[in-house]
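Structure, as structure tokens:
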Amino acid sequence: MKAVQYREVGGTPEVVTVPEPEPGPGQVLLKVSAVGLCHSDQFIMGLPAEEFDYPLPLTLGHEGAGTIAQLGEGVQGLSVGDSVAVYGPWGCGRCLQCTQGKENYCVNAEAEGILPPGLGSPGAMAEYMLVNSPRHLVPLGSLDPIQNVSLTDAGLTPYHAIKMSLPKLGAGSTAVVIGTGGLGHVGIQILRALTGATIVALDVSEEKLDLARDVGAHHVLLSNDEAPAAIKKLTDGQGASAVFDFVGAAPTVVIAAASAGTEADISIVGIGGGELPVGFGTTAFDVSVRAPYWGSRSELVEVLELARRGQVNVEVETFSLDEAPEAYQRLHDGTIRGRAVVVPNG
Ligand code: NAD
Ligand code: ZN
């Protein structure tokens with residue numbers, strides 16, 4: 001079968017032919033219907049050799065959906081042909097976090113060498129993929145897999161971050177979204193669906209700000225040194241109630257800190273290497289700063305429910321498997337509107 005792999009540090013993704021996988025006991029084989037491209041793929045492929053600790057070659061794709069092609073021995077409760085989304089942050093299934101459905105915070109995954117698909121295990125950017133447990137599948141039902149595959153990360157990750165800050169986001173509050181690409185444009189819609197907040201979106205690109213406005217941001221601002229003052233002005237001097245930084249780079253965490261009002265939450269979701277010093281006087285009083293990772297299985301079920309009710313629509317540009325390298329180049333260049341999605345069996 002065809003797969004898209006990152007094969008050597010410093011290389012670019014390549015379309016290659018690999019053996020079709022066979023499901024072992026307890027595993028599920030999916031015929032991939034759609035796979036999203038995430039900026040995290042770009043991040044990994046940009047790591048120098050001394051920081052790169054994934055097995056190579058790496059089949060990419062941690063946002064996956066498919067139809068069940070074959071069930072491994074002992075798998076029950078699923079049928080061949082079911083349309084499913086893959087819950088990507090695989091954990092051990094036994095620790096406290098995993099039993100709460102929060103496999104994104106599994107405490108044993110690293111020690112046991114359990115790696116998410118596309119981030120260590122062979123991912124969804126192939127005609128077929130193996131899923132190590134039926135626990136990591138969520139039924140899509142009638143939801144279109146191409147339109148909704150990115151909810152498994154670009155939806156789930158902002159959903160998790162926003163859900164933790166809901167107590168701060170009642171009527172009259174202000175939420176700031178920094179970076180309105182794949183994650184950010186879904187984050188804006190989740191904020192509209194779940195909160196009473198006025199949403200201020202920041203990006204460095206006018207096209208991305210147009211998208212932010214189209215998906216429900218109340219105000220848009222260029223992401224620069226002047227943004228915090230503009231946010232203060234929009235909030236009668238109060239500052240934001242919560243800031244979601246979907247870039248997480250040195251300049252954006254500075255904007256996040258300067259924009260956050262008293263008792264605000266700052267979620268640094270982007271992995272752009274920015275660090276925020278936290279101590280008395282570095283932010284407004286009692287600001288909380290967190291760096292969340294992905295989301296729980298039940299949150300994935302919830303975010304799919306938002307899509308089912310028409311409250312979240314991912315803006316999608318589709319590509320064939322052969323076009324995946326070009327799609328990664330477009331993501332790198334910042335010219336994708338919303339999310340790039342590859343359709344391997346299209
Ligand atoms: P993307 O490339 O689709 O979007 C990034 C957006 O940020 C673009 O619109 C870009 O124009 C904008 N941007 C760049 N520099 C900016 C700046 N200085 N100020 C404001 N906006 C700026 O990326 P994505 O797939 O949405 O991922 C966003 C980030 O989140 C990446 O760092 C990714 O690795 C990370 N991520 C983290 C998690 C997690 O669990 N924490 C999960 C998925 C992705
Ligand atoms: Zn991702």
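Brief remarks on what is shown
- No other residue among V243, V254 is of a type in the set (A, V, I, L, M, F, W, C) and touching a helix residue (DSSP H, G or I) at 6+ places or on another chain (Cβ under 7 Å) apart from V243.
Conditions (1) without any contact (Cβ under 8 Å) to a residue 40 or more places away in the chain; (2) within 16 Å of ligand 2 (Cβ to nearest atom); (3) not aliphatic (A, V, I, L, M), marked per residue:
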{"site": "G26", "(1), (2), (3)": "no, no, yes"}
{"site": "L47", "(1), (2), (3)": "yes, yes, no"}
{"site": "F52", "(1), (2), (3)": "no, no, yes"}
{"site": "G61", "(1), (2), (3)": "no, yes, yes"}
{"site": "P89", "(1), (2), (3)": "no, yes, yes"}
{"site": "N104", "(1), (2), (3)": "no, yes, yes"}
{"site": "S121", "(1), (2), (3)": "yes, yes, yes"}
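- C95 meets all of the listed conditions (1) buried (at least 16 other Cβ atoms within 10 Å of the Cβ); (2) in contact with a helix residue (DSSP H, G or I) (Cβ under 8 Å, 6 or more places away or on another chain); (3) farther than 24 Å from L140 by Cβ but one, namely (2).
- Checking K168 against (1) more than 16 Å from V312 (Cβ to Cβ); (2) without any contact (Cβ under 8 Å) to a residue 24 or more places away in the chain, the condition it does not meet: (2)
- Residue within the range 175-190 that is more than 14 Å from ligand 1 (Cβ to nearest atom) and either among the aliphatic types (A, V, I, L, M) or surrounded by 16 or more Cβ atoms within 10 Å (Cβ to Cβ) (or both) present: yes
- Residues that are hydroxyl-bearing (S, T, Y) and over 18 Å from the mean Cα position of the chain (by Cα), drawn from the range 34-58: Y54
- Condition check for E323: without any contact (Cβ under 8 Å) to a residue 60 or more places away in the chain and more than 19 Å from H160 (Cα to Cα): yes
- G74, sole failed condition from (1) free of Cβ contacts under 8 Å to residues at least 40 places away in the same chain; (2) surrounded by fewer than 18 Cβ atoms within 10 Å (Cβ to Cβ); (3) within 15 Å of Q27 (Cα to Cα): (1)
- Pair list, Cβ under 9 Å, 6 or more apart: the range 278-297 residue closer than 30 Å to P89 by Cα, other residue acidic (D, E) and in a loop (DSSP other than H, G, I, E, B): W294/D153; G295/D153
- Scanning the range 214-233 for residues that are assigned to a helix (DSSP H, G or I), surrounded by 19 or more Cβ atoms within 10 Å (Cβ to Cβ) and of a type in the set (A, V, I, L, M) returns A227, I231.
- Tabulated pairs, the range 9-23, first farther than 11 Å from Y328 by Cβ, second surrounded by fewer than 12 Cβ atoms within 10 Å (Cβ to Cβ), C-beta under 9 angstrom, 6+ apart or interchain: V9/P48; V9/A49; V9/L56; G10/P48; G10/A49; P23/E73
- Residues that are surrounded by fewer than 20 Cβ atoms within 10 Å (Cβ to Cβ) and farther than 22 Å from P158 by Cβ were ranked within the range 320-342; the one that is farthest from the chain's Cα centre (by Cα) is D322.
Taken together, the values in this text are just the output of simple stated rules run on the coordinates, not laboratory data. Remember, predicted model here, so these are calculated numbers, not experimental data. Cβ: placed from backbone, ideal geometry, glycine included. Neighbour counts: every protein chain shown.
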